[in-house]
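The values are calculated or read from the model by the stated rules, or taken from the named source; none is laboratory data. Just so we're clear, the structure is a prediction, and the values are computed from it rather than from any experiment. We place every Cβ from the backbone using ideal geometry, glycine too, and count neighbours over all the protein chains shown.
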Amino acid sequence: MEKSIESIWKEGFLQKNAMVVPKLNNLYNKKSIHIIDKFKRMFKINLNALVVFSFVVLPVSFFVKIPVMGIMMFILFNVIVIINKRLLKGLDKIDKNVSSYQYLKSFDTWMQEQIAINVKMSSYIYPYVFIAMVSGFWFSNDIRETSNRILGNYQPDMIYGMPIYWMASMFVIIILLAIFGGRIYKLDLKIVYGGLLKKIAELISDMEDLRTE
């Protein structure tokens, strides 16, 4: 029978011939189980929260008469969830018939791959969010009418029905978001999972120190 995560840590994170005090070994076992389980719970909760939020945004956007933004955001949130749920399945494919140290290292490798994929996606996600917001307001009749009243007789240079300077500003913002999207994602990641990722790195480091002694 395939070993459970708990049974892995009960066997210890070092090889059988390693000289480690059992109580210290058990302490690391419990810490490892707690940290990994907590990460999985948080990851699933955040994905479910995105789904719920997408179903809230959609009807609200119609109510406030910016449906284009609501539809675009609904699509985006659910695409992000689908991709990350597929990535989460990769975590279940990690070989559990190994020591807990090796399992932690495999988890760390999976985590780095997951981060790398989301960093690449972020170069498109953040510009997409900006475009969705701008499109939502631009295609809102109420907002356009208000804008026309404010502008009055002033008619700026237009291209495809949009002010040239406004489009140029949008283009610059989109480029900046594409360039810094990965950094923005890493900042979000640090805010949400930073504490857990730091503990995992410290735990692996401690285990490696013990293995070399």
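Descriptive notes on the structure:
- Selection of the range 174-193 for residues being within 16 Å of residue 114 (Cα to Cα) and not charged (D, E, K, R) yields 181, 182, 184, 185, 187, 189, 192, 193.
- The set of residues in the range 59-89 that are over 13 Å from the mean Cα position of the chain (by Cα), free of Cβ contacts under 8 Å to residues at least 60 places away in the same chain and crowded, with 18+ Cβ neighbours inside 10 Å comprises 73, 74.
- For the range 98-120, a tally of residues being at pLDDT below 75 and either of a type in the set (A, V, I, L, M, F, W, C) or within 30 Å of residue 180 (Cβ to Cβ) (or both) returns 1.
- Selection of the range 43-70 for residues being aliphatic (A, V, I, L, M), assigned to a helix (DSSP H, G or I) and in contact with a Phe, Trp or Tyr (Cβ under 9 Å, 6 or more places away or on another chain) yields 50, 51, 57, 58, 68, 69.
- Any hit, the range 79-97, residues being modelled with pLDDT of 75 or more and not in a helix (DSSP H, G or I): yes
- Qualifying residue in the range 201-213 (condition: modelled with pLDDT under 80, touching a strand residue (DSSP E or B) at 6+ places or on another chain (Cβ under 8 Å) and of a type in the set (A, V, I, L, M)): no
- Residue in the range 138-156 that is modelled with pLDDT of 85 or more and closer than 21 Å to residue 75 by Cβ present: no
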